[in-house]
Amino acid sequence: MLKEYQNINTIITDASCFILFDKIGCIHILEDLYGEVITTPEIAAEYGKQLPGWVQVQPVKNRNLFNTYAEMVDTGEASAIALAYEVISPSLILDDLKGRNLAEKLRLPYTGSIGVLILARQRGVITLLQPYFEKIKTTDFRIPASLLQTLSNIYDN
């Protein structure tokens, strides 16, 4: 299903976004924003729950590349980054700093879970960030509450 505001990139997400969005009850935002996302079997296993039907699970074909990245970052991030080389116009959703640093080094476009929420707010998929940020504060997701407040002040006003 194509959304009128769907990104033209192929969205590949790591488990952290699935886990966080599931914890705060908004995993649907990924579908509302992008229509479809891709992940790997490694990430699906790390998530540990059945993924929604709009998530395509695609294994990495280049296992040598995957194994190389797995020496630098965790298995989930390694699989997502390796998969980025096998799809057209990839854009990654990564929250782990090592994964983001590797994506940066490889010049792969990425955002994080908070960036997804900001984009959802900018595109009218959600009306306010603050309710989601309040829920995030009740999880083990590591982000300073002061940063969430600053972002809410910027984007919710």
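In region 30-43, the residues that are at positive phi reach residues that are of a type in the set (A, V, I, L, M) and not in a helix (DSSP H, G or I) with C-beta atoms within less than 7 angstrom, at least six apart or across chains, in these pairs: Gly35/Met1; Gly35/Leu2. Within region 19-50, work out how many residues are at pLDDT 95 or above, buried (at least 16 other Cβ atoms within 10 Å of the Cβ) and assigned to a loop (DSSP other than H, G, I, E, B). Adding up the residues that qualify gives 4.
Being in contact with a helix residue (DSSP H, G or I) (Cβ under 8 Å, 6 or more places away or on another chain), farther than 22 Å from Val125 by Cβ and either surrounded by 13 or more Cβ atoms within 10 Å (Cβ to Cβ) or among the small types (Gly, Ala, Ser) (or both) holds for only one residue in Ala103, Ala15, and it is Ala103. What's the number of the condition Leu83 fails, among (1) assigned to a helix (DSSP H, G or I); (2) touching a residue at least 40 places away in the same chain (Cβ under 8 Å); (3) in contact with a helix residue (DSSP H, G or I) (Cβ under 7 Å, 6 or more places away or on another chain)? Failing condition for Leu83: (3). Among the conditions (1) outside any helix (DSSP H, G or I); (2) crowded, with 19+ Cβ neighbours inside 10 Å, Asp140 misses just one, which is (2).
Can you tell me which residue within region 143-157, out of those that are in contact with a helix residue (DSSP H, G or I) (Cβ under 6 Å, 6 or more places away or on another chain) and outside any loop (DSSP other than H, G, I, E, B), is farthest from Gly25 (Cα to Cα)?
Tyr155
For Glu134, the conditions (1) out of contact with any Leu (no Cβ under 9 Å at 6 or more places or on another chain); (2) assigned to a helix (DSSP H, G or I); (3) surrounded by fewer than 18 Cβ atoms within 10 Å (Cβ to Cβ) are fulfilled apart from (1). The condition (being on the phi > 0 side of the Ramachandran plot, of a type in the set (Gly, Ala, Ser) and either touching a residue at least 60 places away in the same chain (Cβ under 8 Å) or not in a helix (DSSP H, G or I) (or both)) is satisfied by just one residue among Gly124, Gly99: Gly124.
The values are calculated or read from the model by the stated rules, or taken from the named source; none is laboratory data. None of these values were measured; they are calculated from a predicted model. Note that we place each Cβ from the backbone using ideal geometry, even for glycine, and neighbour counts take in every protein chain shown.
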